1. Among the residues of region 1-30, what is the count of those that are among the β-branched types (Val, Ile, Thr), in a loop (DSSP other than H, G, I, E, B) and open to solvent by less than 40 Å² (accessible area, probe 1.4 Å)?
2. Suppose we keep only residues that are in contact with a strand residue (DSSP E or B) (Cβ under 6 Å, 6 or more places away or on another chain) and near the ligand (Cβ under 9 Å from one of its atoms) within region 148-187. Which one would you say is most open to solvent (accessible area, probe 1.4 Å)?
3. Run ASN36 past the list (1) loosely packed, with under 13 Cβ neighbours inside 10 Å; (2) over 21 Å from GLY80 (Cα atoms) and report the number of the one that doesn't hold.
4. Name the helices (runs of 4 or more DSSP H) wholly inside region 44-139 in which the number of residues that are within 28 Å of the chain's Cα centre (by Cα), loosely packed, with under 10 Cβ neighbours inside 10 Å and at pLDDT below 85 is 1 or more.
5. If you go through region 85-96 one residue at a time, do you hit one that is of a type in the set (Asp, Glu) and under 30 Å from LEU72 (Cα atoms)?
6. State all residues of region 154-173 that are farther than 30 Å from PRO191 by Cβ and part of a loop (DSSP other than H, G, I, E, B); if no residue qualifies, say none.
Amino acid sequence: MNRAIEKHIRFVLEDDSEVMSAALTGDLDEENKRMNRALIKRHEGILAKLDNGETFSQDDLQLIRAGNEIHLNNGANLNGHHKQAVKLDRWLDHMMELDKDKAMQILEQWLDKDGRTPARVYRALHTLWEEATPNDAVPEPAFDDQGRCLTCGSKISFADVTDTVVFVGDEIVKRYDGDITNRNCVRCNHPEQYSDFAHYDDDGGSPACGANRHQSGAARR
Ligand SMILES: [Zn+2]
């Protein structure tokens, strides 16, 4: 790592910790004091990594970026660290992982700076985005082929059904039956309501059911 970057990271973290520890003597409430202490500890950990030449985690980089922000935004350079802050911010751009949302945001932001960017460039960008995030991704199944919860073996689930209704004014003139969405095991997700339905689980009597329930007993704390 570049010496100047390293020096500025130290400055950013030490400066931030100083502000937070000064606040500890003020009339901050307990929760905020606790958070300040935790952050100061995190800063110390990052500084120790710097001393030992260890690699930063993404969380470390996030904290460094948060600490640098105040110096970055200080365009008037009141404390004489603005230039270093800009350099550190660029360095962080290289070091920090970019998720799809952020990548999309950056590209659009830069394209927007040029009024001559043709619409098809944006369309191409959105097509790539759609490719990268398939809407039809199949989530992990939560129920077995007999509709038993894979976690606890219960057969009882709540499901939301979304119908589409056609209103004319305040009157419903047509209703399209909806799809089942959000099917959730009652025992796992709504334990307070489970007793109302538990008898449906008890009357099954198939051997698989008993075995499942036995398993679930252990899994249920
Ligand atoms: Zn369950």
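The values are calculated or read from the model by the stated rules, or taken from the named source; none is laboratory data. All of these numbers come straight from a predicted model, not from anything done at the bench. Quick reminder, even Gly has a Cβ in these numbers, built from the backbone with ideal geometry, and neighbours come from all protein chains shown. Just the protein is used for accessible areas: all its heavy atoms, side chains included, with ligands, DNA and RNA removed. Shrake-Rupley method; radii C 1.70, N 1.55, O 1.52, S 1.80 Å.
1. 0
2. ASN184
3. Just one mismatch for ASN36, condition (1).
4. By residue number, 119-132.
5. Scanning region 85-96 turns up at least one residue that is of a type in the set (Asp, Glu) and under 30 Å from LEU72 (Cα atoms).
6. GLY169, ASP170
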